[in-house]
Amino acid sequence: MKTEVYSWRLSPHLKAELEEAARVERKSVADLLEQIAQDWLERSSGRSRNEEERQQQLHKAALESAGSIHGNDPNRAENARAEVRSRIARRHGR
């Protein structure tokens, strides 16, 4: 529910253009201005609603695949330290 009022002065030319655009869109000037303000706020924040939804989808997909990489050694994470030390020793001839 709209309860706030905001007013400002504008040129007669801009007012006429807004009224014409509202007629074309079959909206009130107030509804058109609210849409314009909302669109501007979304663009100026750097993200649109569609982009937010896309980011949420990407995060969900990433979480679903986390931990699902398979290898030959099921204990690879537990043995990582020993494997790294072994490779360093081989590389440096120790």
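Quick rundown of the values:
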quantity	calculated
Residue that is farthest from Gln35 (Cα to Cα), among those in segment 54-68 that are among the charged types (D, E, K, R) and modelled with pLDDT of 80 or more	Lys60
Some residue of segment 41-53 being exposed (fewer than 10 other Cβ atoms within 10 Å of the Cβ), part of a helix (DSSP H, G or I), within 17 Å of the chain's Cα centre (by Cα) and modelled with pLDDT of 85 or more	yes
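The values are calculated or read from the model by the stated rules, or taken from the named source; none is laboratory data. A quick note: this is a predicted structure, and the numbers were derived from the prediction, not measured. Here the Cβ is made from the backbone with ideal geometry for all residues, glycine too, and neighbour counts use every protein chain on show.
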